[in-house]
Amino acid sequence: QESKELVGAEADEVMKILDDANVEAKKFLVSDTISENPVVAAWREAYQKFPTKKGARCSMENLLKRVLHEKPVGHIAPSVDITNAISLKHAFPIGCENKDAIDGDIRLGIMKGGEDFLPIGSDKQEPPLEGELAYYDNTGVICRCWNWRESVRTMLTEDVTNAFMIIEQVNNKRHDELEAALDELSAMIQKELGGTVKKFIANKENPEVVIEE
């Protein structure tokens, strides 16, 4: 993704996209108990399969919880607003990283425990647990507990022009919805941010993709 700074009407349009997504997300909240909603329950079940820090939840659940409690997800920056909007509208977690800050390959795997990880919003190391599932590269952890909390080292900022974004799903029955979310995110990046997009899908049968040669 290559992005441009948004001003005036363009910025207003992105803000409206997020506002509308906050409303549309209510369709996934059939219960006032967040864990009883099917899109959340699927990720709760997945998180039970590996050790997690107490309170760790799928990033999408945290967004939906704000909607449930009438505290809409607010505006941060155009690139973040767009990904939050797609996450809310389609109920999929989306991760965004500075690709130029990645050291080597991006991998999702089981941690030995103690790997380097400085989370956003903290000034001290918070390494993963032994057996925890996380995204990592040659330097350390990129995102703890699968898609819970991201690293300062690779976080997306407004001056980033080369980004890695990933939409995840754990329910195979939602594959068509995943495709729709991927297409919509790609279209928004191109229209609203003026970026170029390369799309890939990884799964059990095809666990590796080559982003750049």
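Calculation over all alpha carbon pairs of the stretch 138-213 in 10 angstrom steps from 0 returns a P(r) of 14, 41, 40, 5 percent.
Taking Lys and Arg as +1 and Asp and Glu as -1, the other residues whose beta-carbon sits under 10 Å from that of SER186 total +1.
Volume of the convex hull of the chain (Cα atoms only), normalised per residue: 127 Å³.
The helix-based estimate of mean residue ellipticity at 222 nm for the chain, built from -39,500 (n - 2.57) per DSSP H run of four or more residues and divided by its residue count, is -10000 deg cm²/dmol to the nearest 500. If you run the Gaussian network model on the chain, springs between alpha carbon atoms under 10 Å, then out of GLN190, GLN169, GLN48 the most flexible one is GLN48. Mean separation of Cα pairs under 8 Å and 6 or more residues apart, divided by the residue count, gives the stretch 124-213 a relative contact order of 11 percent.
With the highest mean first, a sort of the peptides 160-167, 33-40 on other beta-carbon atoms found within 10 angstrom per residue produces 160-167, 33-40.
State, as an integer percentage, the relative contact order of the stretch 40-135 based on alpha-carbon contacts under 8 Å between residues 6 or more apart.
26
Near LYS71, which lysines are there with a Cα under 22 Å away, not counting those fewer than 8 places off in the same chain? Hits, sequence-local ones excluded: LYS16, LYS26, LYS27, LYS89.
Surface composition of the chain: carbon plus sulfur atoms contribute 50% of the solvent-accessible area (1.4 Å probe, protein chains only, all chains present).
Which helices of the chain meet both criteria: a Cα extent of 20 Å or more along the helical axis and a mean Kyte-Doolittle score no lower than -1.0, with helices taken as whole DSSP H segments? Mind dumping the intermediate values first?
Details: long enough: 8-24 (24 Å, -0.28); 175-192 (25 Å, -0.51).
Helices meeting the criterion: 8-24, 175-192.
The order of ASP81, ASP176 by accessible area, most exposed first and with a 1.4 Å probe, is ASP176, ASP81.
The alpha-carbon positions of the stretch 105-184 define a convex hull whose volume is 120 Å³ per residue.
Of interest is the spacing of the C-alpha centroids, which for the stretch 154-193 and the stretch 38-80 amounts to 16 Å.
The values are calculated or read from the model by the stated rules, or taken from the named source; none is laboratory data. Remember, it's a predicted structure, so these values are computed and weren't measured experimentally. FYI the Cβ positions are ideal-geometry reconstructions off the backbone, even for glycines, and counts take in every protein chain you see. Accessible surface areas use protein heavy atoms only, side chains included; no ligands, DNA or RNA. Shrake-Rupley method; radii C 1.70, N 1.55, O 1.52, S 1.80 Å.
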